[in-house]
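In what follows, a single structure is set out as structure tokens and then discussed.
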Amino acid sequence: MRHSDDNANPGRRQFLECMAWAGAGTLWLMHGGVLRAQPLSAGGGQAAADATFAFVQVSDSHIGFHKPPNEDVASTLRASLAKVKAQPVTPDFLLHTGDLTHLSRPEEFDTLAGIMQESQVPKTFYVPGEHDVIGDNGAEFFRRFGEKQQSGGWYSFDHRGVHFVGLINVLNLKAGGLGSLGADQLAWLKKDLAPLSAETPLVVFAHMPLWPLYPPWGWGTDDSAEAVSNLKRFGSVSVLNGHIHQIQQKVEGNITFYTARSTAYPQPAPGVGPAPGPMKDVASDTLHTYLGIREVRHVQGRQALAITDEQLS
Amino acid sequence: MSAWASMGVALLLGFAVNGASAAEANAPPAKVMQVDIRNFAFAPHSITVPVGTRVNWTNKDDEPHRVTSTGNQFVASQALDTGDSYAVTFAKPGTYAYYCSIHPMMVGTIIVQ
């Protein structure tokens with residue numbers, strides 16, 4: 001049995017505790033901010049059959065990292081993308097929620113782009129992590145992977161009735177601070193959401209958590225509260241983040257926040273040990289249980305998103 | 001003066017001006033103060049050093065870090081991978097606040113007097 005969060009956190013929501021993981025993962029069904037879980041079997045059963053479309057989140061591939069516990073992050077990314085290809089319902093697109101690379105080096109971006117291409121996965125939307133913008137404020141990242149809608153790099157799009165928003169919270173970071181969206185992006189977000197009806201399902205994605213998950217380790221965004229204030233009137237909001245290399249989640253009204261696993265290496269649970277960073281002592285034969293992808297299915301007419309986290313095993 | 005002798009003088013001058021002014025050529029080498037980057041923190045977090053001290057940061061984490069002056073008072077390092085070092089010589093008195101621009105909650109101070 002596994003807990004719903006990767007790292008057991010006693011006292012968290014009782015109904016999330018002790019959910020059985022069967023095989024590759026758990027199917028998450030979200031109904032107006034309340035989660036329901038069922039074992040992932042035969043492609044998710046009726047929920048998958050009802051889905052109007054699906055998409056997959058991958059995160060934190062850290063191409064260029066080459067130390068314990070994972071000296072071959074290219075292979076684990078390839079294996080993750082093979083899982084995408086093996087899904088019974090072909091996802092319409094992928095979201096990569098940042099830290100494509102470890103050090104923003106051109107050859108690391110080359111490798112990432114090559115793996116995505118050779119894996120023949122559908123169109124991928126990217127947002128950068130702090131590891132992708134080192135030294136050039138993301139110029140190379142945006143040139144290669146940006147949607148080029150706004151000069152700041154953020155963007156939105158509509159897909160089959162769901163509004164998707166990609167935010168950038170890893171630039172212009174201030175000494176002593178956390179992730180940052182900035183006044184320009186917040187103004188744009190407000191304007192972008194203004195014409196939408198409250199019934200429109202929203203999916204907002206960014207690299208760093210958009211809630212104060214664990215600020216002592218930098219796991220949060222300084223001005224996330226203002227962004228979230230613009231989301232509160234909507235009936236179904238899912239916020240998808242990466243950065244912390246493990247699954248954590250939080251429900252706040254109709255907004256559900258999720259962080260994703262990495263395809264490269266796990267990090268410790270919040271506050272466990274002296275600092276974040278790779279968990280080096282993970283045995284190689286159990287590493288894959290810490291890595292994975294996330295599939296999201298949209299069920300039309302139910303304002304529901306079914307979220308499935310799948311281990312790389 | 002032969003070409004060889006000229007080159008010798010140039011080489012000697014080259015050594016003398018490397019990292020210090022020619023007038024200081026006979027002064028003892030700059031004192032080096034080591035700051036480790038470990039567990040997402042600068043250690044020591046704050047140091048007080050005499051003018052002319054060379055501060056050398058070494059990354060001992062598995063995550064990359066980047067030494068960045070808060071007020072752009074000195075040139076930022078590149079991304080320091082595990083084991084990489086970066087050094088700055090502080091020639092003027094003052095308080096130099098800095099942080100890691102990748103993990104901005106990491107902050108440190110160099111007080112030069």
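The residue that is most open to solvent (accessible area, probe 1.4 Å), among those in segment A:59-86 that are outside any helix (DSSP H, G or I) and out of contact with any helix residue (DSSP H, G or I) (no Cβ under 7 Å at 6 or more places or on another chain), is A:Glu71. Restricting attention to segment B:84-103 and to residues that are assigned to a loop (DSSP other than H, G, I, E, B) and within 13 Å of chain A (Cβ to nearest Cβ), the residue that is farthest from A:Gly129 (Cα to Cα) turns out to be B:Asp84.
Summed over segment B:82-113, the residues that are more than 13 Å from B:Phe40 (Cβ to Cβ) and touching a His at 6+ places or on another chain (Cβ under 8 Å) give a count of 1. Comparison of A:Ala198, A:Ala206 shows that the only residue that is open to solvent by 30 Å² or more (accessible area, probe 1.4 Å) and of a type in the set (A, V, I, L, M, F, W, C) is A:Ala198. Of the residues making up segment A:231-249, those that are over 14 Å from the mean Cα position of the chain (by Cα) and over 21 Å from A:Leu186 (Cβ atoms) are A:Gly235, A:Ser236. Filtering A:Leu186, A:Leu167, A:Leu193, A:Leu213 for residues that are among the aliphatic types (A, V, I, L, M), in contact with a Ser or Thr (Cβ under 8 Å, 6 or more places away or on another chain) and surrounded by 16 or more Cβ atoms within 10 Å (Cβ to Cβ) leaves a single hit, A:Leu213. When the strands (runs of 3 or more DSSP E) confined to segment A:210-313 are screened for residues that are within 20 Å of A:Val84 (Cα to Cα) and not aliphatic (A, V, I, L, M), those reaching at least 1 such residues are found at A:237-241, A:255-259, A:292-299, A:304-311.
Note on segment A:98-194: enclosed strands (runs of 3 or more DSSP E) holding 1 or more residues that are over 28 Å from B:Pro64 (Cα atoms) are A:155-159, A:162-166. Here segment A:114-146 is the region considered, the condition is being open to solvent by 50 Å² or more (accessible area, probe 1.4 Å) and not polar (S, T, N, Q), and the residue that is nearest to A:Leu196 (Cα to Cα) is A:Lys123. Any residue at all in segment A:127-136 that is within 12 Å of chain B (Cβ to nearest Cβ), touching a Lys or Arg at 6+ places or on another chain (Cβ under 7 Å) and farther than 20 Å from A:Thr111 by Cα? The answer is no, given that none of the residues of segment A:127-136 is within 12 Å of chain B (Cβ to nearest Cβ), touching a Lys or Arg at 6+ places or on another chain (Cβ under 7 Å) and farther than 20 Å from A:Thr111 by Cα.
Among the residues of segment B:64-83 satisfying the criterion of being more than 19 Å from A:Asp136 (Cβ to Cβ) and either facing another protein chain (nearest Cβ under 10 Å) or not polar (S, T, N, Q) (or both), which is surrounded by the fewest Cβ atoms within 10 Å (Cβ to Cβ)? So, considering only residues that are more than 19 Å from A:Asp136 (Cβ to Cβ) and either facing another protein chain (nearest Cβ under 10 Å) or not polar (S, T, N, Q) (or both), the one surrounded by the fewest Cβ atoms within 10 Å (Cβ to Cβ) is B:Gly83.
Take segment A:172-182 and flag every residue that is open to solvent by less than 30 Å² (accessible area, probe 1.4 Å), within 20 Å of A:Gln149 (Cβ to Cβ) and either small (Gly, Ala, Ser) or at the interface with chain B (Cβ under 10 Å from one of its Cβ atoms) (or both). Don't jump to the end; show me each part of the working.
To start, the set of residues in segment A:172-182 that are open to solvent by less than 30 Å² (accessible area, probe 1.4 Å) comprises A:173, A:177-182.
If we keep only those that are within 20 Å of A:Gln149 (Cβ to Cβ) too, we end up with A:180-182.
Matches in segment A:172-182: A:Ser180, A:Gly182.
The values are calculated or read from the model by the stated rules, or taken from the named source; none is laboratory data. Here the structure is a predicted model, which is why all the values come from computation and not from measurement. Virtual Cβ from ideal backbone geometry, glycine too; neighbours counted across all protein chains shown. Surface areas here come from the heavy atoms of the whole protein model, side chains and all, with no ligands, DNA or RNA. Shrake-Rupley method; radii C 1.70, N 1.55, O 1.52, S 1.80 Å.
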